[in-house]
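The values are calculated or read from the model by the stated rules, or taken from the named source; none is laboratory data. What you see is a predicted model, and the numbers here were worked out from it, not measured in a lab. Quick reminder, even Gly has a Cβ in these numbers, built from the backbone with ideal geometry, and neighbours come from all protein chains shown.
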Amino acid sequence: MRIAAVQMRSGTTPEANLSALEGAVAEAAAGGARYVLTPEMTVAFAENREGLAGVAEPFEGNGAIARLGDLARRHGLFLHVGSLAVALPDGYFANRSVLFDPEGAIRATYDKIHLFDATLPGLRDYRESATYRGGDKAVVEPVGEHVLGFAICYDLRFPQLFQALARAGADLIALPAAFTVPTGEAHWESLLRARAIETGCYVIAAAQGGQHENGRATYGHSMIVDPWGKVIARIAGDEPGVILADLDPGRVADARGRVPALANARAFSL
């Protein structure tokens, strides 16, 4: 199966972001992709609850979600919207990933479990928990002949989630993101390759990149990593673009056969 990752520079206006995405998905489809992943905060990249209040809708009756389903159906592919902000009844938001099937129906959703609450030297405090409600359920879903595991951005730093997804049958794990530039420069590729190596899975990472309307700067460098930890496709920078790669189930079996870390894992006490 051929897969694609879309790198974006989403702004605060859904219409502009959705229009840009339509062109990128058309490019991926023309390249033969059957599964397309977009970044975290694809639809609107606002910075806080006040900014999201004017652009984020509830899940039911969501106009952006309807348009994205139409896009998947138009191109006859699995469209995995890395995430969008979904308004919740209590005034908070869910950072929600949505997978559409080739008929445009919603196949699965996942709410980001790990919220980025951190202080980065020289930048500012990040407190996602002030805006979002974290999820509490890991998700896997068949996509063609593969099984997809869901993660979002900061989840990348929690290997136990990736191992749980692999044990539940995932051989492809999606990591849409909006990494900061300092953490991206320091850790992005290392963490993506480590998660692929540890699980024997393909890892596809679609990123936001560049300077955004909300004042944030994100790292970009979207990539696809094979189960042995080799980067098989990448965008070398923060400009918008599309990358493609072909999945080979034999590589999953080969990597797990060479180093059966999942099979050899044992419970222990401390």
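Brief remarks follow.
- Among the residues of the range 227-270, those that are touching a helix residue (DSSP H, G or I) at 6+ places or on another chain (Cβ under 6 Å), part of a loop (DSSP other than H, G, I, E, B) and closer than 30 Å to residue 21 by Cβ comprise 227, 229.
- Strands (runs of 3 or more DSSP E) wholly inside the range 85-127 containing at least 1 residues that are buried (at least 17 other Cβ atoms within 10 Å of the Cβ) and either of a type in the set (S, T, N, Q) or at pLDDT 95 or above (or both): 93-100, 106-111
- Flag for residue 206 being closer than 21 Å to residue 150 by Cβ, touching a residue at least 60 places away in the same chain (Cβ under 8 Å) and of a type outside the set (Phe, Trp, Tyr): yes
- All positions within the range 157-191 that are more than 22 Å from residue 96 (Cβ to Cβ) and of a type in the set (A, V, I, L, M, F, W, C): 166, 181, 186, 188, 191
- Condition met for residue 34 (buried (at least 16 other Cβ atoms within 10 Å of the Cβ), in contact with a Lys or Arg (Cβ under 7 Å, 6 or more places away or on another chain) and either closer than 26 Å to residue 223 by Cβ or among the aromatic types (Phe, Trp, Tyr) (or both)): yes
- The residues on offer are 25, 43, 36, and the sole one that is part of a helix (DSSP H, G or I), among the aliphatic types (A, V, I, L, M) and either at positive phi or under 16 Å from the mean Cα position of the chain (by Cα) (or both) is 25.
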